[in-house]
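Below is one structure, written out as structure tokens, with a few remarks after it.
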Amino acid sequence: MTNKDKDDILRHTISVLVDNESGVLARVIGLFSGRGYNIESLTVAETDHVENLSKITIVTTGTRQVIEQIKAQLDRLVPVRRVVDLTIDGPSVEREMALVKVAGEGEHRVEALRIADIFRARVIDSSNSSFVFEVFGKAGKVDAFIKLMEPLGLVDVSRTGVVAISRGATGL
Amino acid sequence: MSTKEMTGSEIIIQALKDQGVDVMFGLPGGVLLPLYDALFKQNGLRHILVKHEQAAVHAAEGYARSTGEVGTVLVTSGPGATNTVTGLVDAMMDSVPLVCLTGQVPSSLIGNDAFQEADITGITRGCTKHNYLVKDVNDLGRILHEAYYVARTGRPGPVLVDIPKDILLATGTYTTPGKTTAVEHKSYKPQVKGDTASIKQAIELIRNAKRPLFYGGGGIVNSGDAACTLFSQFVKMTGIPCSLTLMGLGAFPGSDNQFLGMMGMHGTYEANMAMHDCDVMINIGARFDDRVTGALDKFSPDSKKIHIDIDPSSINKNVVVDVPIIGDVAHVLEEMIKYWKADQAQVNAKELEKWWKQIADWRSKDSLKYIQSNKVIKPQYALERIRDLALETGKDTFYTTEVGQHQMWAAQHLCFEKPKRWMTSGGLGTMGYGFPSAMGVQVAHPDALVVAIAGDGSFQMNLQELATLMSYRLPVKCFILNNMFLGMVRQWQEMFHGERYSESVIEDQPDFVKLAEAYGALGLRATTPGELDGVIKQAFDSHLPTIIDIRTDPEENVFPMIPSGAAHNEIILGPEDSKNSESGGSVESGVLV
């Protein structure tokens with residue numbers, strides 16, 4: 001490993017299975033802010049209602065050493081059951097959803113619908129002068145869609161953040 | 001296992017007794033009245049009433065570090081709870097097992113800015129190993145057992161349990177834990193056993209080493225007496241030199257010839273040079289703290305590094321190592337010794353001899369030497385007299401310190417043969433730690449000689465506990481190495497800030513002898529070297545808590561010193577060296593921390 005590789009900033013998607021008890025998300029977020037780690041995106045929801053487990057998906061950036069530290073520090077939290085680095089622990093898929101509000105009239109409306117069709121985005125609300133699209137895909141695709149909507153009257157965006165899962169038959 | 005219906009207060013008392021707790025340090029308040037009422041009605045669980053909650057935590061730390069057991073703290077909501085924060089961070093940094101029970105306003109008032117309400121689980125989330133807010137009295141017993149388990153196991157640390165007043169009054173089910181106090185935890189499972197392949201790899205590295213060095217830390221002491229015995233055994237067996245961190249002192253006998261002294265910013269010349277020049281570094285239970293490594297890019301550049309630690313996040317945090325072994329020190333060392341013996345392994349004797357010769361050369365610099373005076377008391381001399389006269393009492397002696405110059409001199413000049421005899425605030429550097437900590441040590445060891453080494457600055461941060469020492473007849477001997485300065489601040493100002501002593505002169509000092517007398521304690525003073533022995537003996541002979549004001553050379557500096565941001569081999573040995581040295585730390589050369 002050369003020095004240059006050592007200092008390269010990498011982007012990793014980390015999946016964290018936690019006991020869904022009060023304060024658990026605050027512990028995870030506090031760890032990132034307290035130790036100066038980056039969060040690009042973070043999603044959380046309960047995924048096992050019987051055992052009360054939640055899954056947190058975090059997209060973070062840092063040098064290789066920092067990414068290793070992030071995983072070790074996460075694993076050290078008492079309510080954390082498992083930490084998996086989806087970027088290096090085998091292939092994985094990731095998706096994001098965005099709700100994109102575009103306001104405009106005339107040709108802009110038509111163009112927005114045309115582009116939405118290309119991105120397989122659906123209209124989930126419409127008024128005389130606006131649409132709300134839902135668009136799914138990798139974060140990059142969502143970015144691209146939003147960018148194309150900008151000149152067509154982009155008003156507001158809500159994004160879920162990235163969720164990810166490993167490919168193949170085994171679970172976390 | 002049996003279950004029983006009890007009130008929350010009764011559950012707490014029963015759970016603590018079931019955990020083997022015999023004493024706690026605390027201070028009552030409004031929301032805790034039901035619990036203090038229950039405490040009043042029972043025997044077997046002692047409560048030491050402190051004067052300030054921060055001192056309760058430090059006392060529990062002293063208790064924990066000198067016994068190896070979990071220390072227990074009990075404080076009320078709001079200010080009682082927030083006053084524990086410094087102590088909790090201190091325990092977190094130095095891996096001290098504590099359980100801190102805080103009262104909370106009734107559940108129905110939480111979030112309403114009620115009187116003496118503070119979100120203490122929120123405040124302490126980052127400075128406890130784990131914390132809990134109890135929401136159902138039926139969970140209380142389980143949470144308390146879990147708290148002790150989490151505090152004690154793995155890398156030890158503080159755990160806080162916040163208990164609303166209504167939970168204390170409610171009735172719930174308590175389940176007695178099984179024979180073992182171990183808790184089957186759903187997610188918390190520290191790794192104890194080391195990976196065999198890595199252990200074997202480490203052994204290969206050690207046996208082929210030419211200039212090997214043991215770098216032992218507080219993790220050895222935390223792992224227990226067995227770990228310290230195994231460590232000493234392995235060091236003796238291999239013949240390899242051994243240095244210890246500030247937290248590790250006592251893990252290996254301080255008088256042994258294989259001991260090079262403490263390493264780090266104020267470590268010995270031979271220990272730091274050996275750290276720099278070694279070819280195989282065996283870090284056991286230490287965390288490559290910045291006070292040990294100095295400049296990271298110049299840290300031990302030619303060595304292969306083995307790192308044994310129970311905390312995976314310690315591995316590769318500051319220094320990237322070659323052979324990481326995650327596990328409990330005692331377990332890993334047991335395995336290592338087993339394989340070492342089975343392989344009939346040996347370090348290359350000829351190379352080792354050369355290495356020892358080099359070390360002897362460094363040692364001959366006698367880096368802890370100081371210029372004795374017959375007019376003014378040198379702090380190093382005072383410590384040597386305290387050490388020797390303590391030894392003469394024949395009593396088991398425990399030392400605690402505050403933070404600053406006196407702490408470093410104590411680490412250098414006291415000699416620790418056994419673990420758990422040295423309590424000092426390493427990671428956080430908490431002034432005000434030592435005096436209350438000594439109180440906790442004396443509670444745990446009523447017949448031992450407990451000596452607190454203090455500076456005139458830090459003593460004043462928790463001196464109110466003199467009253468507690470008096471009321472429980474705890475004969476702690478507190479030696480104030482009084483130089484009328486915040487000494488370490490003054491030393492840095494002298495060396496790195498043009499001798500501008502900004503706010504480091506303590507001119508408003510009380511008369512410490514009269515202060516002691518005001519509390520009914522014994523106050524003594526020594527101003528010349530000739531008075532020293534008599535005063536120390538008088539202190540050791542007294543059954544009273546004693547404050548000894550030792551007037552020391554005000555401008556003495558701690559040497560050796562590796563200036564912040566320098567490498568081990570850029571160590572400054574003494575005042576002359578400091579004036580000549582390029583690395584003598586211009587402020588511009590980087591950020592001094």
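Here is how the numbers come out for the structure above:
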| quantity | calculated |
| --- | --- |
| Residues satisfying the stated conditions in segment B:94-108, i.e. of a type in the set (G, A, S) and either surrounded by 20 or more Cβ atoms within 10 Å (Cβ to Cβ) or within 14 Å of another protein chain (Cβ to nearest Cβ) (or both) | B:S95, B:G103, B:S107 |
| Pick from segment B:218-245, criterion outside any helix (DSSP H, G or I) and of a type outside the set (A, V, I, L, M, F, W, C), ranking: nearest to B:G264 (Cα to Cα) | B:T245 |
| Matching entry among B:Y188, B:Y148 (being aromatic (F, W, Y) and at pLDDT 95 or above) | B:Y148 |
| Pairs where the first residue, in segment A:130-146, is more than 13 Å from A:L113 (Cα to Cα) and the second is in a helix (DSSP H, G or I) and aromatic (F, W, Y), C-beta under 9 Å, 6+ apart | A:G137/A:F145 |
| Of the criteria (1) over 30 Å from A:S54 (Cβ atoms); (2) of a type outside the set (V, I, T); (3) outside the structural domain of B:E270 (by TED's automatic domain parsing), which one B:G216 fails | (3) |
| Pick from segment A:151-169, criterion in a loop (DSSP other than H, G, I, E, B) and among the aliphatic types (A, V, I, L, M), ranking: nearest to A:S15 (Cα to Cα) | A:V162 |
| Odd one out for B:K338 among (1) touching a residue at least 24 places away in the same chain (Cβ under 8 Å); (2) assigned to a helix (DSSP H, G or I) | (1) |
| Failed item, numbered, when B:K165 is tested on (1) more than 14 Å from chain A (Cβ to nearest Cβ); (2) surrounded by fewer than 22 Cβ atoms within 10 Å (Cβ to Cβ) | (2) |
| Scan of segment B:335-345 for residues that are over 21 Å from B:R211 (Cβ atoms) and either surrounded by 19 or more Cβ atoms within 10 Å (Cβ to Cβ) or touching a Ser or Thr at 6+ places or on another chain (Cβ under 7 Å) (or both), ordered by number | B:E335 |
| Filter pass, B:T552 being crowded, with 17+ Cβ neighbours inside 10 Å and closer than 24 Å to B:F435 by Cβ | yes |
| Condition check for B:G111: more than 20 Å from B:Y36 (Cα to Cα), surrounded by fewer than 18 Cβ atoms within 10 Å (Cβ to Cβ) and within 14 Å of chain A (Cβ to nearest Cβ) | yes |
| Selection within segment B:304-328 - surrounded by fewer than 23 Cβ atoms within 10 Å (Cβ to Cβ) and free of Cβ contacts under 8 Å to residues at least 40 places away in the same chain | B:K305, B:S313, B:I315, B:N316, B:K317, B:N318, B:V319, B:V320, B:V321 |
| Residue tally, condition exposed (fewer than 15 other Cβ atoms within 10 Å of the Cβ) and closer than 24 Å to B:S373 by Cα, over segment B:495-528 | 3 |
| Matching entry among B:A81, B:A118, B:A38, B:A91 (being among the small types (G, A, S), more than 14 Å from chain A (Cβ to nearest Cβ), touching a strand residue (DSSP E or B) at 6+ places or on another chain (Cβ under 9 Å) and closer than 17 Å to B:L428 by Cα) | B:A91 |
| Strands (runs of 3 or more DSSP E) contained in segment A:12-118 and holding at least 2 residues within 14 Å of chain B (Cβ to nearest Cβ), modelled with pLDDT of 95 or more and over 30 Å from A:P151 (Cα atoms) | A:53-62, A:80-85 |
| Test: B:S364 is polar (S, T, N, Q), at pLDDT 95 or above and out of contact with any strand residue (DSSP E or B) (no Cβ under 8 Å at 6 or more places or on another chain) | yes |
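The values are calculated or read from the model by the stated rules, or taken from the named source; none is laboratory data. All values derive from a computational prediction rather than experimental measurement. Using ideal geometry, Cβ is built from the backbone for each residue, glycine included, and neighbour counts are taken over all protein chains shown.
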